[in-house]
1. Mind ranking B:544-550, B:567-573, B:477-483, B:75-81 by how tightly packed they are, going by the mean number of other C-beta atoms within 10 angstrom, highest first?
2. Give the interface area between chains B and A as buried accessible surface, both sides summed, probe 1.4 Å, in Å² to the nearest 100.
3. Please give the contour-minus-distance gain from B:PHE284 to B:SER263: 0.36 nm per residue of separation, less the Cα-Cα distance, rounded to one decimal in nm.
4. Using 16 Å as the cut-off for backbone N distance, which residues of segment B:116-151 belong to the label zone defined by a point 7 Å from the Cα of B:GLN41 along Cα→Cβ?
5. Can you list the residues of segment A:297-318 whose accessible area drops by at least 10 Å² going from the chain on its own to the full set of protein chains, with a 1.4 Å probe?
6. Taking every pair of distinct Cα atoms and averaging 1/r, then inverting, what Kirkwood hydrodynamic radius in Å comes out for chain B?
7. Relative contact order of chain A: what whole-number percent is it, with Cα pairs under 8 angstrom and at least 6 residues apart?
8. How much mean residue ellipticity at 222 nm does chain A get from its helices, if each DSSP H run of length 4 or more adds -39500 (n - 2.57) and you divide by all residues, to the nearest 500 deg cm²/dmol?
Amino acid sequence: MNIKLFFLSIFSFLILTSCSDDDFGIPVELEGDFANGIFILNEGNSAGGSLSFMTSDFSEITQNAYQSVNPDDDLGLFVQSIFFDEQFAYIISNGSNMITIVNRYTLEFVDRIDSGLNVPRYGLILNGKAYVTNQADFSTTADDYVAVIDLASRTLENTIVLGNYAEKIYEFENKIYVQNASYGFGNQISKLNIENQTVEQNLSFSSAISDTYLSNGNLYVLAQDEITQVNLTNFQTSSTWSLAETHVGASRLAVEGNAIYFTSSNSVYNFTTSDDTISETALFNYETTSAFGTFYGFDVHNGFIYLSDGADFASNGFIQIRNSQGDLIKEQEVGIGPNSFYFN
Amino acid sequence: MKQFRAHIFVCLCLVVSSALAQLDSIQQLDEVVLSDRQLQQFSVGQNLIEIPESRKRITANKLSDLLLENSTIHIRQNGYGMVASASFRGTTAQQTAVVWNGININSQFNGQTDFNTMPTYGYSEISIRPGGGSLLYGSGAVGGSIHLNNQLYFRDTTQVKLFSQIGSFNTFENFIETKHSTEKTSLKFNLNRSASDNDYPILGSSRTNLNGQFEQWSAHLSFAYKLSQNSQLNYHGQFYDGLRHFSVLRPSENKSNYSNTDSRNLIEWEYDKNDFKSVVKYAFLHEAFEYNQNIETNLSTANKANTHLVKTEVYQNYGKLDTNFNISIKQTAADGDNIIDEHIQHLNFSTLLNYNSKWATLSLGLRQEFSNFFDSPLLYTIGAELPVTSAYNLKLSHSKNFRQPSLNDLFWVEGTTNLQPETALQYEASHQFNFKHQSLSFQLTGFFNDISQMIRWLPDQTSTWKPENVDEVKTYGLTTSISKEFKLMPIHFKTQLNYEFTKAIDARTQRQLTFTPQHSAFLNLDLQYKTFALNFTQTYTGKAFTRTDNAPNEILEDFWLSHLNLAYQPKQIDFFSVNIGFKNLFNQAYQTIENRPMPGHQFYVNTIINL
């Protein structure tokens with residue numbers, strides 16, 4: 001096998017696995033400047049958010065990628081998250097109550113959904129419909145809802161009022177799960193029935209939930225005092241790991257295969273699903289001056305650990321990519337408040 | 001349009017009914033009731049700049065506009081008519097004290113004053129005092145102080161003044177004032193309304209300013225009564241009530257609004273005999289606001305604070321020596337949806353000495369404050385004024401000033417009660433040249449401020465934003481002004497040019513503070529020909545960084561603003577005058593807060609009637 005073919009096969013492996021992780025199958029179109037790489041979403045300040053793009057070999061970075069393609073438009077205030085289908089990326093900005101729809105490989109503007117949303121947070125697509133969590137009024141959780149958007153007309157079709165915190169949203173076997181916790185409040189996960197569009201069941205945890213992560217049909221829940229594995233086939237707890245003193249303040253969670261990673265302060269800890277207890281020795285820690293922006297974004301993908309740092313939120317933050325041993329592979333300045341990674 | 005017609009009608013009615021009234025004359029030498037007795041006497045070594053009455057009528061009754069066009073104070077506005085703050089010499093909005101009739105009226109909540117809630121016509125005298133002033137005016141007088149005073153006269157007359165203005169974007173300013181005085185009593189009352197659709201086009205885009213409408217009412221009442229030959233009773237009251245919508249960038253954003261009420265009351269008993277004078281004051285300040293984050297759902301949060309202040313001032317003159325001793329107690333109580341129900345109490349002592357001789361005026365002051373939530377340092381001020389020659393005057397000043405934590409700093413949601421006041425050491429030297437025969441004056445002032453324990457809000461581990469005494473900032477720079485008056489044939493010219501250079505450096509990063517321009521300047525040119533007057537104002541605001549790392553491309557662009565006003569006072573009806581004006585003549589797009597665009601060119605016409 002010649003060396004070029006070898007690299008090509010590794011490359012396509014990367015692309016295929018990255019795509020299957022996001023549950024949209026094999027991409028139909030791979031042409032475009034942003035077809036092979038990682039999107040870093042920068043929440044932004046009062047001037048609006050931005051999108052950075054890094055090639056999958058980490059060698060090149062494009063800042064302000066969206067505006068470089070669409071110079072007369074912007075993504076709006078407080079860009080929160082992105083969800084995808086085969087063709088499009090749906091970019092949510094919670095300060096502008098809108099979703100910007102772009103071609104996921106070229107970033108060309110396609111359309112915009114800007115009604116029916118009230119502080120939108122996260123979204124996903126199931127059977128031709130987008131389900132988007134909305135925080136609505138900050139002073140109450142009574143009005144938090146999931147917006148059901150028909151993607152053919154790109155208009156609001158229905159709202160499912162949760163009466164509970166509406167944050168991250170997941171899909172498994174045609175059921176939808178919502179993390180009912182944000183900003184250190186809330187301790188439930190709710191299961192939605194999409195046929196009659198109601199909340200079917202709630203699962204409560206012993207303390208406030210900081211983060212959740214879906215992997216292989218299991219939802220992992222990071223609460224203040226423990227990490228729980230929830231089997232989504234029966235929506236029951238299947239494993240629990242207690243957090244030790246050293247892990248207090250654990251904030252972000254990411255899972256790949258049977259490896260579980262979480263952050264506390266400026267350290268990352270890891271363990272596997274077969275472990276009984278969690279090691280109190282950190283896998284690594286990183287230098288930061290940021291209090292709130294430490295691990296502002298955190299993810300694990302194909303054996304690489306991705307972290308972002310929000311710095312002071314009034315100047316550019318940075319990302320780091322590390323291998324599974326925690327060794328630094330790449331550090332890169334991005335935009336203001338980098339909060340999440342998406343593997344294209 | 002209906003509203004427009006109504007205003008015209010009001011103007012016309014007033015013109016007709018006023019035909020027999022007499023002109024307000026300012027030439028008389030009256031007995032004046034000074035509301036702030038310390039301002040003139042104890043500003044030794046510092047500049048005290050009074051903004052002339054004539055500048056008020058061309059600034060649409062907004063204190064933010066008046067300061068922008070007549071000083072190098074930096075004004076930041078969230079769009080026209082929205083929340084506006086002022087800062088001196090690279091300091092923050094909380095380091096600017098607003099003093100109303102001698103009382104510091106900065107909001108107890110955020111420690112600053114909103115300059116779009118202050119109609120300029122509500123005050124008879126507006127002065128600016130750059131530099132430290134905590135000794136006299138307490139918390140926040142670090143970068144400088146702005147003084148709003150209401151004077152009263154015992155004149156035995158009755159006067160009425162009416163001001164009515166209409167402008168672009170359905171902007172209306174209306175003001176009525178009546179003054180009545182005898183030899184023993186004096187009364188002044190005014191009422192002001194300010195409203196606008198405020199839907200100006202956003203320059204460089206196809207959008208208009210959305211959800212920016214506002215309506216504000218304010219009233220002022222001042223009263224003085226001579227109890228005897230030596231004693232007098234004074235009252236000053238101010239009431240404000242306004243509803244402002246906060247403008248949004250996109251129609252899909254949640255639209256919010258903000259209503260607030262301020263009421264301020266001050267009662268004084270004054271005793272004056274020979275070289276002795278004493279004043280006993282009681283002030284009650286009330287502020288309340290309601291913020292509605294989404295006008296469609298109407299789930300609002302409301303907070304209010306009440307402040308009681310009792311102060312005694314004693315003045316005694318010993319020939320060349322003036323002395324002043326003050327003692328005051330203050331209590332502020334807060335209550336609301338976002339704030340812990342708490343009380344802050346203060347007790348403070350201050351003393352000032354002035355020594356006046358032919359060769360110099362020297363001043364020394366000390367102040368110590370005690371509070372139940374934080375320790376305050378011993379504050380001091382030293383000032384000197386040296387008349388070196390008849391045309392050259394040297395002023396020197398050094399002081400220690402502070403900014404106490406505000407209610408929001410201390411008690412917001414969970415509260416952070418371990419905060420200490422921000423402190424600042426200030427040095428200032430001013431060279432003043434005044435060539436009376438040439439009607440020329442020139443001034444050059446250098447300043448340096450070393451500010452420590454600055455309070456900054458940062459998110460903690462649980463992502464809750466909390467204030468901390470973390471920052472250290474050094475601000476320094478130069479401010480210069482030149483003014484000249486001359487006559488060219490029948491035209492009287494008056495011109496003033498000011499320029500300020502300011503560095504405001506964060507000691508940790510060695511970078512310029514964000515949203516703080518280094519350069520600012522203004523030029524005022526007044527021409528008077530018979531009963532016509534033309535005023536031209538040019539302001540310049542330098543670029544300001546929007547990022548803490550001073551990224552060179554992340555800036556608010558510098559901007560030049562030009563304003564023109566033409567005034568006419570007909571000879572036959574001398575109680576009446578009319579102004580026609582253009583604001584932002586050259587349609588300059590500008591912002592003082594990122595993503596909060598200000599309006600392009602605007603037009604207004606107003607009438608002033610003095611009866």
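1. Going from most to least packed, we get B:75-81, B:544-550, B:477-483, B:567-573.
2. Protein heavy atoms only, the B-A interface buries about 2000 Å².
3. Gain on stretching B:PHE284 to B:SER263: 6.7 nm.
4. Inside the label zone: B:136-137.
5. Those are A:ASP312, A:PHE313, A:ALA314, A:SER315, A:ASN316, which lose 10 Å² or more relative to the chain on its own.
6. 25.4 Å
7. On the way: 895 pairs, mean separation 40.4, N = 344.
Once divided by the residue count of chain A, the mean separation gives 12 percent.
8. -2000 deg cm²/dmol
The values are calculated or read from the model by the stated rules, or taken from the named source; none is laboratory data. Here the structure is a predicted model, which means the values were calculated and not measured. Every residue, glycine as well, gets a Cβ built from its backbone with ideal geometry; the counts of neighbours run over all protein chains shown. The area values use the complete protein model at the heavy-atom level, side chains included, leaving out ligands, DNA and RNA. Shrake-Rupley method; radii C 1.70, N 1.55, O 1.52, S 1.80 Å.
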